[in-house]
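Step one of this worksheet: look at the structure below.
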Amino acid sequence: MTRHVAVLMGGWSAEREVSLRSGAACAKALEEQGYRVTDIDMQRDVAAVLAALRPDVVFNALHGPFGEDGTVQGVLEILGIPYTHSGVLASSLAMRKDRAKVVMRAAGVPVPEGRIVNRFDAAKAHVLPPPYVIKPIAEGSSVGVTIVRDGRSHPPQELARADWPFGDELLAETYIPGRELTCAVMGDKALGVIDIRPATGEWYDFDAKYAAGGSVHVLPAEIKPKIYQTVRELALTAHQALGCRGVSRADLRYDDTPGGTGAVVVLEVNTQPGMTETSLVPELAAHAGHSFGDLVRWMVEDASLNR
């Protein structure tokens, strides 16, 4: 009997449009793999919709709050429907960047120094010596991230806006110069390493991630073999320390600047990495010999409960 896969996408986070693109790509690939596929643009009635539909598996293509933070995973556990990616605890933990750093550091994974700050305080005076980074504690896709450059006299004033949408608590971290690297984990194996080079802007922001031609992906990354292996080891260690399942992607910085520290640090682990036409995980999987169809089929067959 043909297995019925419901692809959850959309939702109402700041990453809604990216999720719709991820979901559409995955649904198309799953149909080509012979599955019966139902697309679901997640709304607040998702539990009732899934209870009526009763698919064999849910392919989670959601990004951001409610889809990536353990919330919908809890709904799926209650409904007893196997699902892809990480479970309730790992999803919730990885989404909270500050808590995830505590766990990763305890596992021996180097992470940037930083602290939680109030956004109004961060708008009044520098909360760390520049350069530093201010980011929401539970968003993805570089949404709401600001780099405060060296020499900047005033902190970012937009943090005090009445319409600021990312909460009053933010994470301030020391800025790590150098390369932006990323590495995916598939099951219990780290894949390759990509060196991400923004094509236009100064850093890998939302537009560099999702606009066509927004960034150049160098795969395999042109770094020393020892550093390459270190990145893979750190991605796998972080994945396991947080309790991730299925596919995840770690984002890292490597300070190879003249006179720099030479350090490799993990910024975060994405438990629901993008699956769009410009996404990194499909590219890393292809480099390892897995077509996009192979990748989504593996994810469906890996799906389970109690993840």
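Side notes on the structure shown:
- Val18 satisfies every condition listed in (1) under 16 Å from Trp298 (Cα atoms); (2) in a helix (DSSP H, G or I); (3) in contact (Cβ under 8 Å) with a residue 60 or more places away in the chain except (1).
- Here Ala123 qualifies as out of contact with any strand residue (DSSP E or B) (no Cβ under 6 Å at 6 or more places or on another chain), surrounded by 15 or more Cβ atoms within 10 Å (Cβ to Cβ) and not in a loop (DSSP other than H, G, I, E, B).
- Restricting Ala47, Ala52, Ala100, Ala24 to residues that are aliphatic (A, V, I, L, M), part of a helix (DSSP H, G or I) and surrounded by 20 or more Cβ atoms within 10 Å (Cβ to Cβ) narrows the list to Ala100.
- The range 39-67: number of residues that are polar (S, T, N, Q) and within 23 Å of Arg307 (Cα to Cα): 1
- The residues of the range 55-93 that are of a type in the set (A, V, I, L, M) and in a helix (DSSP H, G or I), listed by number, are Val72, Val75, Leu76, Ile78, Leu79, Val88, Leu89, Ala90, Leu93.
- Matching residues, the range 249-265, being out of contact with any Asp or Glu (no Cβ under 7 Å at 6 or more places or on another chain) and part of a loop (DSSP other than H, G, I, E, B): Asp255, Asp256, Thr257, Pro258, Gly259, Gly260
Residues are listed down the side, and each one gets a yes or a no for (1) crowded, with 21+ Cβ neighbours inside 10 Å; (2) touching a Pro at 6+ places or on another chain (Cβ under 7 Å); (3) modelled with pLDDT of 95 or more:
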| residue | (1), (2), (3) |
| --- | --- |
| Leu170 | yes, yes, no |
| Cys183 | yes, no, yes |
| Lys189 | no, no, yes |
| Val193 | yes, yes, yes |
| Ala199 | no, no, no |
| Glu202 | no, no, no |
| Phe206 | no, no, no |
| Tyr210 | no, no, no |
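- Single residue of Ala125, Ala107 found to be aliphatic (A, V, I, L, M) and modelled with pLDDT of 95 or more: Ala107
- Where a residue in the range 225-248 is at positive phi and its partner, wherever it lies, is among the basic types (Lys, Arg), with Cβ under 8 Å and at least six apart: Gly246/Arg307
- Residue in the range 216-231 that is closer than 14 Å to Lys189 by Cα, of a type outside the set (Phe, Trp, Tyr), out of contact with any Pro (no Cβ under 8 Å at 6 or more places or on another chain) and surrounded by 15 or more Cβ atoms within 10 Å (Cβ to Cβ) present: yes
- In the condition set (1) of a type in the set (Asp, Glu); (2) in a loop (DSSP other than H, G, I, E, B); (3) within 22 Å of Thr71 (Cα to Cα), Asp150 is compliant with all but (3).
- Boolean, Leu62 is farther than 24 Å from Arg253 by Cα and without any contact (Cβ under 8 Å) to a residue 60 or more places away in the chain: no
One line per residue, one yes/no per condition, for (1) among the basic types (Lys, Arg); (2) closer than 25 Å to Pro55 by Cβ; (3) under 12 Å from the mean Cα position of the chain (by Cα):
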{"position": "Ser248", "(1), (2), (3)": "no, yes, yes"}
{"position": "Leu252", "(1), (2), (3)": "no, no, yes"}
{"position": "Pro258", "(1), (2), (3)": "no, no, no"}
{"position": "Val264", "(1), (2), (3)": "no, no, no"}
{"position": "Gln272", "(1), (2), (3)": "no, yes, yes"}
{"position": "Ala286", "(1), (2), (3)": "no, no, no"}
{"position": "Arg297", "(1), (2), (3)": "yes, yes, no"}
{"position": "Glu301", "(1), (2), (3)": "no, yes, no"}
{"position": "Leu305", "(1), (2), (3)": "no, yes, no"}
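The values are calculated or read from the model by the stated rules, or taken from the named source; none is laboratory data. Source: prediction; values computed, not measured. As a convention, Cβ positions derive from the backbone with ideal geometry for all residues, glycine included, and neighbour counts pool all protein chains shown.
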